[in-house]
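What follows is a set of notes on a single structure, which appears directly below.
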Amino acid sequence: MKINEILSTVSKEATEVCSRVSSTELEQLAQEVEKAGSIFIYGNGRSGLVGKMIAMRLMHSGYRVHVVGETTTPALEAGDLLIVLSGSGKGQTVGSMTDKVADIGGRTALVTASPDEALKAQFDSVLFIEASTKSNDIPTIQPLGNQFDQSMHLILDAMVIHLNAVSGKSREALKSKHFNLE
Ligand SMILES: O=P(O)(O)OC[C@H]1O[C@](O)(CO)[C@@H](O)[C@@H]1O
């Protein structure tokens with residue numbers, strides 16, 4: 001396969017994955033973000049890297065957002081939202097924080113490709129992304145969790161664009177929040 005054919009297939013795969021996302025689930029996640037006091041994002045490996053990218057966009061959009069595991073991440077409080085990103089849903093800590101968040105009075109959201117109903121039931125909202133991960137056998141030319149990671153990035157970026165459109169945030173407003181000592 002030529003390199004341009006690979007690129008074309010990768011982008012076609014991403015388009016197909018995005019087209020299968022439930023707009024109801026995506027809007028529900030957007031509403032959870034909108035009503036949260038602070039937003040905490042948790043993910044391992046490449047899912048965590050996507051989480052950091054989305055955290056940055058949410059910060060630009062004026063949300064209070066933290067990445068779990070960073071030294072500056074504060075305590076989660078009542079009314080806050082924890083978003084867990086995990087394609088496989090199999091990370092050791094994926095489902096282990098939900099009880100603590102509920103005890104504190106927070107909300108939880110899961111973004112996953114896992115069909116595990118018991119896992120999904122632990123969260124207040126779930127965004128299911130039907131994509132290839134390291135743990136399933138959805139056909140793809142891509143290795144391991146590539147298809148999930150890249151689709152999750154596109155889908156969550158689209159959610160932030162939606163939130164900005166609904167609240168009328170301009171590109172200039174976003175830019176004014178960007179780190180300014182570079
Ligand atoms: O999205 P998941 O399935 O939780 O996996 C996250 C990451 O965990 C790893 O297995 C190890 O970091 C990576 O392959 C993957 O990017």
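Starting from 0.36 nm per residue, how many nanometres of slack lie between Ser19 and Phe179 once their C-alpha separation is accounted for?
54.2 nm
With 10 angstrom as the radius, rank Glu25, Glu77 by how many other C-beta atoms surround their C-beta, starting from the fewest. Don't skip to the answer; put the middle values down first.
On the way: Glu25 17, Glu77 11.
With the sparsest Cβ surroundings first, the list reads Glu77, Glu25.
How high is the relative contact order of the chain, in percent, with contacts defined as C-alpha pairs under 8 Å that are six or more residues apart?
Normalised by residue count, the contact order of the chain is 26 percent.
What size of dipole, in debye to the nearest 20, comes out for segment 37-172 about its Cα centre when the only charges are +1 on Lys and Arg C-beta atoms and -1 on Asp and Glu C-beta atoms?
I would put it at about 320 debye.
Cβ neighbours within 10 Å, averaged per peptide: list 113-122, 67-76 in order, most packed at the top.
113-122, 67-76
Please give, to one decimal in nm, the separation of the simple spin-label points placed at Ala165 and Glu27, each 7 Å out from Cα toward the Cβ.
Between Ala165 and Glu27, the label points sit 1.3 nm apart.
Cut-off under 28 Å on the C-alpha distance; same-chain residues fewer than 8 positions from Lys177 excluded. Which lysines are left, in chain and number order?
List returned: Lys35, Lys52, Lys169.
Looking at the chain, do any whole DSSP H helices span at least 27 angstrom along their long axis by alpha carbon and average 0.0 or above on Kyte-Doolittle, and which? Walk me through the intermediate numbers first.
Details: long enough: 146-167 (32 Å, 0.45).
Span-like helices, by this rule, are 146-167.
Say we join alpha carbon atoms closer than 10 Å with springs in a Gaussian network model of the chain; which of Glu27, Glu172, Glu16 then has the biggest fluctuation?
Maximum fluctuation in the GNM of the chain, among the listed residues, is at Glu172.
Take the Cα pairs of segment 59-99, get the Kirkwood Rh, then feed it into Stokes-Einstein at 10 °C and 1.306 mPa s and tell me D in µm²/s.
Estimated via Stokes-Einstein, D reaches 131 µm²/s.
Distance check, please: which entries in Lys100/Lys120; Lys100/Lys134; Lys12/Lys90 exceed 19 angstrom between their Cα atoms?
Table pairs above 19 Å Cα-Cα are Lys100/Lys134; Lys12/Lys90.
Rank these for me by crowding, His178, His162, going from fewest to most other beta carbons within 10 Å.
The most exposed by this proxy come first: His178, His162.
Among Thr15, Thr98, Thr108, which comes first, second and so on when ranked by fewest other beta-carbon atoms within 10 Å?
On the way: Thr15 11, Thr98 20, Thr108 24.
If I rank by nearby Cβ atoms, fewest first, I get Thr15, Thr98, Thr108.
Using only the alpha-carbon atoms of segment 37-172, report the extent along each of the three principal axes, biggest first, to the nearest angstrom.
On the principal axes, segment 37-172 reaches 39, 38, 27 Å in Cα extent.
Since every read-out is calculated from the coordinates, none of them should be taken as a lab result. Given the structure is predicted, the values throughout are model-derived calculations rather than measurements. Glycine gets a Cβ as well: all are built from the backbone with ideal geometry, and neighbour counts include every protein chain shown.
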